[in-house]
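The values are calculated or read from the model by the stated rules, or taken from the named source; none is laboratory data. On a predicted model such as this, the values are computed, not experimentally measured, just so you know. Heads up, the Cβs are rebuilt from the backbone with ideal geometry, glycines too, and the neighbour counts pull from every protein chain shown.
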Amino acid sequence: MVTETRKGIPGNPEILEFAAESGARYTPRQDRSLARILADETALGVIVWEPEGPVLYQGAERFFYHPSMGKNRVSRLRRGESDPIITAMGLKAGMEVLDCTLGLGADALVISFVVGKAGRVLGVESTPITAAIVRWGIRKYPHGPQWLKEAMDRIEITCADHLALLRGLPDDSFDIVYFDPMFRHPVPSSKPISPLRQLANHRPLSAEALFEAIRVCRKSVVLKERYDSTEFERLGFREVVMGNHSEIAYGVLDVEDYLRNQVQDEE
Ligand SMILES: C[S@@+](CC[C@H](N)C(=O)[O-])C[C@H]1O[C@@H](n2cnc3c(N)ncnc32)[C@H](O)[C@@H]1O
């Protein structure tokens, strides 16, 4: 369900475009309270088209695009500090990265800042509402310095299941393929992600998606997980880089090493 603010223009073309993208049904506000709309439309949540972008009201939660942690991490990079995702990915200007689990796009923002104008970040998100809120939230994001807005705007966003998207890509189309699936056991302190949790696709990374990722990438496949996750072993990630945050780690699968080991195993 999507509607305008009480003062908004009914049937604003942007809202109708958002509704078509996200699958949320448009209902004119007609001066109703959000509680009234929820009752009238028997909906679980309502998205309000606010001047700074779409905001989902669901129970006590509000969900909208905000660069949050991504902005803090980029600010640290600008002060000359590093970020573990850069180490894990061997990230450099000009690289092309496929982010298979976009979420709120915090990692994609850091990646976009580092790869710069000569590089590329394509973010894939399977939940249509999340993909549309992040896409339109970025488009309408009004604050912040130019370097931040430019890095955000360069993130390409597509709504798809990453397995389906990967299957349709040619071999060697990206330098890095990145997965940050919902943790099997959430980190309790990761507050910025909690509104996303209700909407998110919680399926674990599949061996099929990893197989396709290895085919699609030129350098490495990177998986973010809890440092003690059994997912690294299950999926064959032998190298694990610790994050700054003690609970987070990045599994790195170097594609050349992986293919060389496979050939040796077959001989
Ligand atoms: C932990 S969040 C990613 C957070 C993100 N890295 C960030 O920095 O904001 C995982 C996201 O991936 C999405 N997701 C999970 N499985 C997916 C799939 N098969 N295809 C595309 N997106 C998926 C979830 O819906 C969720 O929004």
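Could you please find all residues in the range 216-238 being under 18 Å from Val97 (Cβ atoms) and surrounded by fewer than 16 Cβ atoms within 10 Å (Cβ to Cβ)?
Arg218
Go through (1) in a helix (DSSP H, G or I); (2) more than 15 Å from Arg135 (Cβ to Cβ); (3) charged (D, E, K, R) and name the single condition Glu17 misses.
Looking at each condition in turn, Glu17 falls short on (2).
Return a yes/no flag: does the range 116-124 have any residue that is touching a Leu at 6+ places or on another chain (Cβ under 9 Å), among the β-branched types (Val, Ile, Thr) and not in a helix (DSSP H, G or I).
yes
For the range 86-115, name all the residues that are within 13 Å of the ligand (Cβ to nearest atom) and among the β-branched types (Val, Ile, Thr).
Answer for the range 86-115, where residues must be within 13 Å of the ligand (Cβ to nearest atom) and among the β-branched types (Val, Ile, Thr): Val97, Thr101, Val110, Ile111.
If a residue must be assigned to a loop (DSSP other than H, G, I, E, B), within 30 Å of the chain's Cα centre (by Cα) and surrounded by 14 or more Cβ atoms within 10 Å (Cβ to Cβ), how many such residues does the range 30-47 contain?
2
Scan the range 164-176 residue by residue and report those that are surrounded by 19 or more Cβ atoms within 10 Å (Cβ to Cβ) and within 12 Å of the ligand (Cβ to nearest atom).
Scanning the range 164-176 gives Leu165, Leu166.
I'd like the residue in the range 65-93 that is surrounded by 20 or more Cβ atoms within 10 Å (Cβ to Cβ) and not charged (D, E, K, R) and, out of all such residues, is nearest to Ile47 (Cα to Cα).
Tyr65
Looking at Val121, Val134, can you tell me which residue is assigned by TED's automatic domain parsing to the domain that holds His202, under 14 Å from Gly70 (Cα atoms), surrounded by 23 or more Cβ atoms within 10 Å (Cβ to Cβ) and within 12 Å of the ligand (Cβ to nearest atom)?
Sole residue among the options that is assigned by TED's automatic domain parsing to the domain that holds His202, under 14 Å from Gly70 (Cα atoms), surrounded by 23 or more Cβ atoms within 10 Å (Cβ to Cβ) and within 12 Å of the ligand (Cβ to nearest atom): Val134.
If I ask for residues that are in contact with a strand residue (DSSP E or B) (Cβ under 7 Å, 6 or more places away or on another chain), of a type in the set (A, V, I, L, M) and without any contact (Cβ under 8 Å) to a residue 24 or more places away in the chain, which ones from the range 6-37 would you list?
Leu16, Ala19, Leu34 - these are the residues of the range 6-37 that are in contact with a strand residue (DSSP E or B) (Cβ under 7 Å, 6 or more places away or on another chain), of a type in the set (A, V, I, L, M) and without any contact (Cβ under 8 Å) to a residue 24 or more places away in the chain.
Condition first: in a helix (DSSP H, G or I) and either surrounded by 15 or more Cβ atoms within 10 Å (Cβ to Cβ) or over 17 Å from the mean Cα position of the chain (by Cα) (or both). Now tell me which residues in the range 151-163 satisfy that.
If the condition is that a residue be in a helix (DSSP H, G or I) and either surrounded by 15 or more Cβ atoms within 10 Å (Cβ to Cβ) or over 17 Å from the mean Cα position of the chain (by Cα) (or both), then Ala151, Met152, His162, Leu163 are the ones that fit.
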